[in-house]
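Report on the following structure.
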Amino acid sequence: MLTYGIEKLGIIDPKAVYRNLTPAELTEAALRRGEGKLNDTGALVVTTGKYTGRSPEDKFIVDTPAVHDEIAWGKVNRPISRERFDAIRGKMAAYLQGREVYIFDGYAGADTKYRQKFRIINELASQNLFIHQLLIRPDDEELRDFGEPDYTLICAPGFKCDPVADGVHSEAAIIIDYEAHMILIAGSQYSGEIKKSVFSTMNYVMTKLDVLPMHCSANMDPQTKDTAIFFGLSGTGKTTLSADPARKLIGDDEHGWSPDGVFNFEGGCYAKCINLSKENEPDIYNAIRFGALVENVIMDEKTRKLDFDDASLTENTRVGYPVDYINNSQIPGVGGIPRVVVFLTADAFGVLPPISRLSKNAAMYHFVTGFTSKLAGTERGVTEPQPTFSTLFGEPFMPMSPSVYAKMLGDKLDKYGTKVYLVNTGWAGGSAASGAKRMKLAYTRAMVSAALNGDFDSIEFKHHDVFNVDYPVKCPNVPDEMLDARGMWADKAAYDEQADKLAAMFQKNFQEKYPFMDPEIIAAGPAPRK
């Protein structure tokens, strides 16, 4: 029996070892093993048990002298010793003895100059199908010459840690050893842990290669190759606005910005399914077919139809599929130097301008801040909008100091003259709590199109004193009054009060998290009136 060298990891006498099976073979294996069922369109549907999302408190980084001074230790990046790591790895290897083992050898990074080789070792065929579709798949020649991986990830959901003996938080553990080039995922069947562990690894490695790793989507003009990138937290419209039928989708989540351009880290997509409809998101809806893995969506056992509105297992229902399931995807996922960067925020306070232009220092400020807000009523006891600040629009996956990534962005903006816009896809004319309406998607699309097409280059801008940004007075296909955030409020005093309140929240967050930032960056942020 071929073992493909897994005995070097301590995995001795497995029942069988399968390497780079096709999606059909992996689907068959998952069905044979009782891991899931097919829905009416042929997708494999699974439930992930206790863990239906990422488990941040169970994530650790091995603290070694080689990386200690580079990691931003704290609540996000928790240290664990090499001794603990090695002990858990040994137990996981022993657990996999006598079991079927599934290997996927593939790549992260569509640009061959920067791509990294990953070996993913799975206990479950369904999770091996997931990562087969999410990473970049080697062709037969590349697989034959694959050689040793740059990084190895072992995922065994059936192995449960002992929190006391293993020195971890719970039965689950997600541990990255950057020095040993090894990742362990124990106790959780949620496939997003695999995807985000690869991303977290790339976010460390790429900085060594002059590549800015980014939690963003990207698209490009198929004729001019002009490229744009979109940053934004959940609910801000990152996927929706980057899926432009007039442009090619490079990728929807994880990218690198190198001296040569933008490239997708992945070969697939991992989309939310809650309230999914064919009318609103046809690309994702049509991607749920044979070869896709669906997680935690309720299915009618008789008709095998999925109920995308049922959140009884979790709001975080998901589907993983290869990017070429999207009709206008760019294969390979490589674009040019970005001409435009868009930061997306859904401001439930209703006070940020619908679109504004950022200076380099302001861009670095908002990149580090990663602001959006959630509505009142989404959680018990929440009666007014609540701010959310996620460093670099992806705090859980960024192992190094925010200043490292912010400086890389600033250097690239300087070098290439890339324009940066802050786009508010949230509420206008009042706060969400007051019953105001969200900005029309058609207007937001028109603003983004104007930014990408250079229409704002010849348009007058005004300065917003509280938020310290410049906003345009005109935009094609958008009424002039929709561009003035304060002007849309009937009660101007109420607007001023709410704007000052949000600006103070920005200041407080920045002072607490980033006191080490350059004074020029701090001064570029919002400030309430005296």
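The values are calculated or read from the model by the stated rules, or taken from the named source; none is laboratory data. Keep in mind the model is a prediction, meaning the values are calculated, not measured. Here Cβ is always computed from backbone atoms with ideal geometry, including for glycine, and neighbour counts include all displayed protein chains. The protein model used for the area step is the full one, side chains on, heavy atoms only, and it has no ligands, DNA or RNA in it. Shrake-Rupley method; radii C 1.70, N 1.55, O 1.52, S 1.80 Å.
Structure notes:
- For the chain, the share of DSSP beta bridges that are antiparallel, to the nearest 5, is 60%.
- Projected onto their three principal axes, the Cα atoms of region 130-227 cover extents of 58, 32, 26 Å, largest first.
- Peptides 263-269, 325-331 ranked from most to least packed by the mean count of surrounding Cβ atoms within 10 Å: 263-269, 325-331.
- Translational diffusion coefficient (Stokes-Einstein; Kirkwood radius from C-alpha pairs) of region 411-451 at 20 °C, 1.002 mPa s, in µm²/s: 176 µm²/s
- Cα Rg over Rh - region 84-123, Kirkwood: 1.15
- Cα-based helix-to-principal-axis angle, 23-32 vs the chain, degrees rounded to 10: 60 degrees
- Remark on region 129-171: ratio of C-alpha radius of gyration to 2.2 N^0.38 Å is 1.75.
- Calculated FRET efficiency for the pair Ile331/Ala442, C-beta based, R₀ 35 Å, to 0.05: 0.75
- Charge dipole of the chain about the Cα centre (unit charges at C-beta), most positive-ward option of Asn296, Thr425, Thr240: Thr425
- Inter-probe distance in nm under a simple model that places probes 7 Å from Cα toward Cβ, at Glu512 and Arg82: 3.6 nm
- Reachable lysines, given that their alpha-carbon falls under 21 Å from the alpha-carbon of Lys302 and they are not under 8 places away in the same chain: Lys37
- Isotropic mean projected area of the C-alpha convex hull, region 1-146 (nm²): 11.4 nm²
- Paramagnetic label zone (point 7 Å from Cα along Cα-to-C-beta, Asn477; backbone N under 16 Å) in region 236-279: 240-248
- Charge dipole (Cα centre; +1 on Lys/Arg Cβ, -1 on Asp/Glu Cβ; no other charges) of the chain amounts to roughly 460 debye.
- DSSP-defined antiparallel bridges as percent of all bridges, region 3-110, nearest 5: 20 percent
- ³J(HN,Hα), Karplus 6.51/-1.76/1.60, whole Hz, each residue of region 217-227, x for Gly, Pro: 9, 8, 9, 8, 6, x, 8, 7, 6, 4, 10
- Here the label points at Tyr4 and Ala494, each 7 Å from Cα along the C-beta direction, are separated by 6.1 nm in the simple model.
- In order along region 49-60, the Karplus-derived 3J(HN,Hα) couplings, from 6.51 cos²θ - 1.76 cosθ + 1.60 at θ = phi - 60°, round to x, 4, 9, 10, x, 5, 10, x, 6, 9, 9, 9 Hz, and Gly and Pro are given as x.
- Taking only protein heavy atoms and a 1.4 Å probe, the accessible area of region 8-120 is 50% carbon and sulfur.
- Using the Cβ of Leu313 as centre and a radius below 13 Å, the other residues enclosed give a net charge of -3, where K and R count +1 and D and E count -1.
- For region 159-175, Karplus couplings with θ = phi - 60° (6.51, -1.76, 1.60), whole Hz, Gly/Pro x: 7, 10, 6, 9, x, 6, 5, 8, x, 10, 7, 7, 5, 9, 8, 10, 10
- Summing charges over neighbours of Ala172, with a neighbour being any other residue whose Cβ is under 13 Å away from its Cβ, gives -2 when K and R count +1 and D and E count -1.
- The residues of the chain expose on average 40 square angstrom of accessible surface per residue, using a 1.4 Å probe on protein heavy atoms.
- Of the accessible area of region 395-487, computed with a 1.4 Å probe over protein heavy atoms only, carbon and sulfur atoms account for 48 percent.
- Accessible carbon and sulfur surface of region 220-353 relative to its total accessible area, %, 1.4 Å: 48 percent
- Partners of Lys238 within straight-line reach, counting lysines whose Cα lies under 19 Å from its Cα and excluding those fewer than 8 residues away in the same chain: Lys195, Lys196, Lys248, Lys272, Lys278, Lys374, Lys419, Lys440.
- Counting Lys and Arg as +1 and Asp and Glu as -1 over every other residue whose Cβ lies under 15 Å from the Cβ of Ser126, the net charge comes to -1.
- Segment Asp139..His68, full-extension length gain: 21.8 nm, with 0.36 nm per residue of separation and the alpha-carbon distance subtracted.
- Each 5 Å bin, from zero up to the one with the longest distance, holds this percent of the alpha carbon pairs of region 211-334: 2, 11, 20, 23, 19, 12, 7, 4, 2, 1, 0.
- Dimensions (Å) - region 349-503, Cα atoms, principal axes, largest first: 43, 41, 27
- With the simple model of a label 7 Å out from the Cα in the direction of the Cβ, Lys208 to Thr224 spans 3.8 nm.
- A full extension of the chain between Arg304 and Glu148 corresponds to an added length of 52.0 nm, given 0.36 nm per residue minus the alpha carbon distance.
- Distant-in-sequence amide H partners of Ser373 (H built 1.01 Å from N, under 5 Å): Ala346, Ala348, Thr388
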